[in-house]
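Shown next, in structure tokens, is the structure this report addresses.
Values in this text are rule-based calculations from the coordinates and carry no lab data. Please read these numbers as outputs of a predicted model, since none were measured by experiment. Neighbour counts run over all protein chains shown; Cβ positions are idealised from the backbone, glycine included.
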Amino acid sequence: MLTTNFILVLVVLTNLKLLGSSRLGASIRVVAAQGVVLGFLPILAHWHELSLHFALLAAGTIAIKGIVFPWFLFRAVREAEVIREIEPYVGYVASLVLGVLALGVSFWMCMRLPMPENIASPWLAPVALFSIFAGLFLIVSRKRAVNQVLGFLVLENGIYTFGVGVAARTPLLVEVGVLLDVFVAVFVMGITIFHINREFDHIDVDRLSALKD
Amino acid sequence: MNALAFIPLLLALVLSPLLFGVINRTKALFAGRRGQPLLQTYFDLWKLLQKGAVYSRTTTWIFRAGPMVGLAAALTAAMLVPLGNFPALIAFPADFLLFAGLLGLMRFFTVVAALDTGSSFEGMGASREVFFSALTEPALLVILATLAQQTGQLSLSTMLEPVSVAHWQHAGPVVALVVVALMIVLLAENARIPVDDPNTHLELTMIHEVMVLDHGGPDLAFVLYSAGLKLWLFAALVVGIVLPATANAWLNLLLATGGMFVVAVLVGVIESIMARLRLVVLPQLLVGAGALAAVAFLLGLI
């Protein structure tokens with residue numbers, strides 16, 4: 001219970017850090033750390049009924065989110081030669097304040113939702129919802145394509161958090177399928193970033209809307 | 001009223017300048033220097049009190065009132081903060097709001113006294129001080145609100161009673177977040193690195209120091225002493241939150257007093273291993289502290 005809570009607090013803090021950080025490298029590392037921390041969540045949330053299922057899920061999550069994704073994204077950033085976000089639509093301090101507001105909204109909403117009895121921690125649902133909000137916010141408020149991929153990952157982490165904590169008996173196949181989907185998505189996005197960069201010499205998606213054929 | 005209630009106030013009055021000595025010694029240790037005597041602040045205060053004050057003709061009564069009001073506010077605030085198991089001299093429900101208000105009053109008079117001199121440097125310092133405190137004050141209030149909500153108490157004296165180890169285990173993440181946020185607020189409010197450098201010699205980069213440049217003699221002694229008291233009070237908040245309880249009240253008091261100097265050593269260590277942050281990055285740090293406090297408050301709700 002206590003360790004689960006600490007993991008959830010870490011997830012909240014990493015999300016806030018992402019909202020307030022301009023360096024792409026640091027952001028990628030933070031998302032990687034979030035992935036690794038979340039990897040331990042299935043083991044800790046179901047400590048009493050530990051099985052090979054959860055161990056496999058944890059190992060797969062840590063390997064993909066903690067090692068493979070960061071490696072992809074670092075490669076994309078290196079190829080595109082970008083270091084930091086440029087002038088996001090919403091500033092970093094404003095993003096932080098909005099993030100805290102979003103956390104408040106998630107708590108308010110989850111206090112009104114009926115929760116299953118055997119939920120791992122009372123903070124689980126609000127934190128999952130907050131991750132989803134933070135991910136969506138990153139996607140709409142940042143200009144660099146890499147940051148939007150990170151936003152997508154955070155969004156997926158939110159869904160994963162909710163799934164692991166609430167549904168105790170999801171078939172392994174479904175979870176592995178979701179993980180594979182995300183893997184393919186990030187893979188494609190990494191390649192797309194590289195190609196956008198090669199075609200247009202930048203990965204600033206704001207300027208892509210002015211494209212003419 | 002209990003005579004023992006005077007103990008926290010007396011300890012604050014006597015020991016608060018020693019905190020600066022401990023911080024400076026810690027920094028000296030890191031730099032490989034011998035450092036100034038531990039009691040240097042007491043010597044400084046004594047020396048300044050012997051001197052006469054010089055007042056510029058452009059200043060008015062506000063300038064002279066500044067240090068006195070500041071000291072009075074700090075002394076009153078010191079009566080509200082408990083130490084160990086001993087309650088504060090004055091305790092009533094919601095006195096933490098008065099505590100925050102007194103610190104605000106102290107800052108307000110420092111700022112208007114600085115503006116009263118008409119010096120552009122002091123105006124700059126005043127502007128920065130007000131800007132940063134506008135970010136730290138909400139953080140401080142949310143921290144105190146979180147404590148009130150966690151303990152179910154509305155007075156600082158009952159809020160900061162030593163908590164048991166079981167409480168730490170129950171609300172560990174919340175307490176940890178509150179302490180980190182409070183440490184950042186402590187550093188910012190007391191003009192320490194990474195927010196302000198107390199040793200800087202360039203007026204352009206100062207925040208607190210530049211506002212008191214024109215004070216001299218007893219006035220400067222008042223400013224210095226109230227700064228010491230303020231640091232003591234914030235350290236007392238930190239110690240009050242983290243210190244686990246023992247059965248013996250006197251042992252608790254001893255531990256709490258020791259804890260104050262541990263906080264001072266911690267501040268010294270932070271000052272030694274960190275550089276000062278750029279002014280443009282500071283709002284992010286302070287808003288971050290507020291965000292941590294708000295997260296703690298929200299987590300405490302469920």
Original post:
Out of the residues in segment A:41-62 that are assigned to a helix (DSSP H, G or I), among the small types (Gly, Ala, Ser) and surrounded by fewer than 15 Cβ atoms within 10 Å (Cβ to Cβ), which is farthest from the chain's Cα centre (by Cα)?
Top reply: A:55
Original post:
Do you know which residues across segment B:30-62 are surrounded by 15 or more Cβ atoms within 10 Å (Cβ to Cβ) and in contact (Cβ under 8 Å) with a residue 60 or more places away in the chain?
Top reply: B:41, B:44, B:45, B:48, B:59
**OP:** Please enumerate the residues belonging to segment A:94-146 that are within 13 Å of chain B (Cβ to nearest Cβ), under 30 Å from residue B:283 (Cα atoms) and either part of a loop (DSSP other than H, G, I, E, B) or among the small types (Gly, Ala, Ser) (or both).
**Re:** A:94, A:95, A:99, A:102, A:104, A:106, A:123, A:134
Original post:
Could we say that residue B:57 is assigned to a loop (DSSP other than H, G, I, E, B), more than 17 Å from the chain's Cα centre (by Cα) and more than 30 Å from residue B:247 (Cα to Cα) here?
Top reply: yes
Original post:
What is the number of the single condition among (1) surrounded by fewer than 17 Cβ atoms within 10 Å (Cβ to Cβ); (2) without any contact (Cβ under 8 Å) to a residue 40 or more places away in the chain; (3) away from every other protein chain (no Cβ under 14 Å) that residue A:79 does not meet?
Top reply: (2)
Original post:
Is it the case that some residue within segment B:263-275 is in a helix (DSSP H, G or I), away from every other protein chain (no Cβ under 14 Å), polar (S, T, N, Q) and touching a Pro at 6+ places or on another chain (Cβ under 7 Å)?
Top reply: no
**OP:** Check segment A:34-46 and report whether any residue there is within 14 Å of another protein chain (Cβ to nearest Cβ) and of a type outside the set (A, V, I, L, M).
**Re:** no
**OP:** Give B:139, B:100, B:91, B:65 a once-over and let me know the one that is touching a residue at least 60 places away in the same chain (Cβ under 8 Å) and assigned to a helix (DSSP H, G or I).
**Re:** B:139
Original post:
Residues in segment A:1-16 that are assigned to a helix (DSSP H, G or I), aliphatic (A, V, I, L, M) and more than 7 Å from chain B (Cβ to nearest Cβ): how many?
Top reply: 5
Original post:
Can you tell me which of B:255, B:251, B:298, B:233 is part of a helix (DSSP H, G or I), closer than 26 Å to residue B:158 by Cβ and within 14 Å of chain A (Cβ to nearest Cβ)?
Top reply: B:298
